[in-house]
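Data first, discussion second: the structure below is written as structure tokens.
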Amino acid sequence: MRTLCFILFAVFTAEAKDFHWAYVSPTKPNLPPVKHADWARTGIDFFCLSRMELQGYVPNERESSARLLRRVFLDLIGIPPSIEKVDSFLLDPSDKHLEQIVDELLSSNHFGEKWTLSWLDLARYADSDGYQRDGFRNVWPYRDW
């Protein structure tokens, strides 16, 4: 039985690799034409904007640099930026500088601290079984990792 399963797996795997998306080399698609091309910053923006225009939506105006930085900080680490960070970003509000700030935030301990609770909830972390049988569970490595 084990041999039969192995043979079937090998046959189906060989056939599947010809048309399965995971085995197809990615290609860079052409950007769709849009009316508000100056609004888009990246290639993904063009695809989002194309769908928005198809639905009859018009993009909002750009956010101010200070407000954009505040949103990035609150979304990624949960605390607002320092005055020094805001001042340095206002001196150079380029996309490259914003990308550097995002990289710094993603590598900071604050990012892990903010998102730990969400990930532990997703993993159904609890120190005990719950209400009636309050036995201990062996999931503490998720918390301490």
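If you go through region 71-91 and pick out every residue that is part of a helix (DSSP H, G or I) and small (Gly, Ala, Ser), you end up with 1.
Sub-7 Å Cβ pairs linking a first residue in region 27-39 that is part of a loop (DSSP other than H, G, I, E, B) to a second residue that is aliphatic (A, V, I, L, M), at least 6 apart or interchain, are VAL34/ALA40; VAL34/LEU49; HIS36/LEU49, ordered by first then second residue.
Can you tell me which residues in region 17-40 are modelled with pLDDT under 75 and within 29 Å of the chain's Cα centre (by Cα)?
First, pick out the residues of region 17-40 that are modelled with pLDDT under 75: 17-20.
Once the filter is applied, which keeps residues that are modelled with pLDDT under 75 and within 29 Å of the chain's Cα centre (by Cα), region 17-40 yields LYS17, PHE19, HIS20.
All of PRO93, PRO141, PRO80 fail the test of being at pLDDT 95 or above and either over 17 Å from the mean Cα position of the chain (by Cα) or over 25 Å from THR42 (Cα atoms) (or both), apart from PRO80.
This table checks each residue for (1) within 20 Å of PHE89 (Cα to Cα); (2) free of Cβ contacts under 8 Å to residues at least 24 places away in the same chain; (3) assigned to a helix (DSSP H, G or I).
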residue	(1), (2), (3)
ARG41	yes, no, no
ASP45	no, yes, yes
LEU49	no, yes, yes
GLU53	no, yes, yes
TYR57	no, yes, no
ALA66	yes, no, yes
LEU69	yes, no, yes
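Residues of region 44-81 that are of a type in the set (D, E, K, R), surrounded by 14 or more Cβ atoms within 10 Å (Cβ to Cβ) and more than 20 Å from HIS110 (Cβ to Cβ): ASP45, GLU53. Across region 82-105, the number of residues qualifying as surrounded by 12 or more Cβ atoms within 10 Å (Cβ to Cβ) and in contact (Cβ under 8 Å) with a residue 12 or more places away in the chain comes to 9.
The values are calculated or read from the model by the stated rules, or taken from the named source; none is laboratory data. Not measured: the values here are computed from a predicted model. When we count neighbours, we look across all protein chains shown, and the Cβ atoms used for this are built from the backbone with ideal geometry, even at glycine.
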